[in-house]
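Beneath this line is the structure, given in structure tokens, with notes to follow.
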Amino acid sequence: MSLCFEGYVDLPAHRSKGGFDHADIHAASDRLYVAHTCNDALDVIDCARDRYIESVPGLTAVAGALVSETRGLVFTSNRGENTVSVFAPGVERDAIKIAVGLKPNGLSFDPTRGLLVAANVGDSSIPGSYTVSVVDIQRKERIAEIPVPGRTRWTVFDTVRETFYVNIASPAKIVTIDARRPHEVAAEFAIPAAGPHGLDIDTTTGRLFCACDAGVLVALDGGSGRIFGKVNLSGAPDVIFLQQATGRLYVAIGDPGVIEVINTRTLRLEQSLQTEPGAHTLALDRKRSKVYAFLPETHRAAVYRDDG
């Protein structure tokens, strides 16, 4: 089982210094959305044909995209304007924007209650700016602003435990928010590695996978925080995605520029694949077992297929 290169998808040139950030895929429409942060835009790729479709403008310093297949919605975190956007695939320019905390980054969503969490990066010079915003999508408004102990990173939602998990870079923790009581932190789990960054969950086992700046992947129980094990990585990771069907976790590492593939059942490294320096983000097409790595130097996506 390995990732095999299939080709490139050219994307618009950067209009300023920077590159891409978090991406997600709406499987029903085969539309991949990737934050083109330095262009204040969301680039859209047709996953069925691996072709660039268009860019959605007007999203200042957009930091990430998240898809809800259940609700048929796409969300973006717009770090430069302290908002989140909400739209349906195919009508991206009809997006609504909702104010949240300072510099929103990570996104997670409870499709049953229609609650969107925005994990805000904040500003170390502004007291109280490290927060998590909770947005009621039906009401189109923020219903809670929850203080957290430090700068946030990525966040995920567990549909089984009905719990949001949010990475905190320092102190190294994961905080939890119960979706049934979305106005406070429910618990905190200490992470035994510096800089929790990328985060994903296996909802069949309840295990969390936390990729840390220290170059370590930590596996832990989402209910108790108990650590199951660690895997050493080749550098500081960013975006991670889990393919639950195979138990394979894909980790983007910008320096030196690789994707590392982890077997989450054995907690062993299976493959390390060179991409491009600075390529710290990726997307996973679970329907076709394809991985897209976003290359900032050449402003394109490299496409790989998992032959397993």
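Details
- Mean Cα-pair separation over length for the stretch 112-194, i.e. relative contact order, pairs under 8 Å, 6 or more apart, %: 20 percent
- Its Cα centre serving as origin, the chain has a Cβ charge dipole (Lys and Arg +1, Asp and Glu -1) of approximately 420 debye.
- Relative contact order (%) - the stretch 57-200, alpha-carbon pairs under 8 angstrom, separation at least six: 14 percent
- Residues in the stretch 282-308 reached by a label modelled at Ala13 [backbone nitrogen below 16 Å; 7 Å Cα→Cβ]: 296-300
- Extending 7 Å from the Cα toward the beta-carbon at both Ile126 and Glu69 defines two label points whose distance is 3.6 nm.
- Rough spin-label spacing in nm, given labels placed 7 Å along Cα→Cβ, for Arg268 and Lys140: 5.4 nm
- Straight-line cross-link reach from Lys173 at under 19 Å between alpha-carbon atoms covers these lysines, not counting any fewer than eight positions away in the same chain: Lys230.
- The smallest convex shape that holds all Cα atoms of the stretch 179-228, its convex hull, gives 90 Å³ per residue.
- Based on C-alpha pairs under 8 angstrom that are at least 6 apart in sequence, the chain has a relative contact order of 13 percent.
- Nearest-20 debye value, the stretch 170-215 charge dipole, Cβ charges on Lys, Arg, Asp, Glu: 100 debye
- Cα lying deepest toward the dipole's positive end in the chain, options Phe109, Gly58, Gly278, charges on Cβ: Phe109
- Taking only the C-alpha atoms of the chain, Rg followed by Dmax gives 17.6, 49 Å.
- A Förster distance of 35 Å, applied to the separation of the beta-carbon atoms of Arg181 and Thr246, puts the FRET efficiency at 0.50.
Only the coordinates and a few stated rules stand behind these numbers; no lab work does. None of these values were measured; they are calculated from a predicted model. For neighbour counting, all protein chains shown are included, and Cβ atoms are generated from backbone atoms with ideal geometry for every residue, glycine included.
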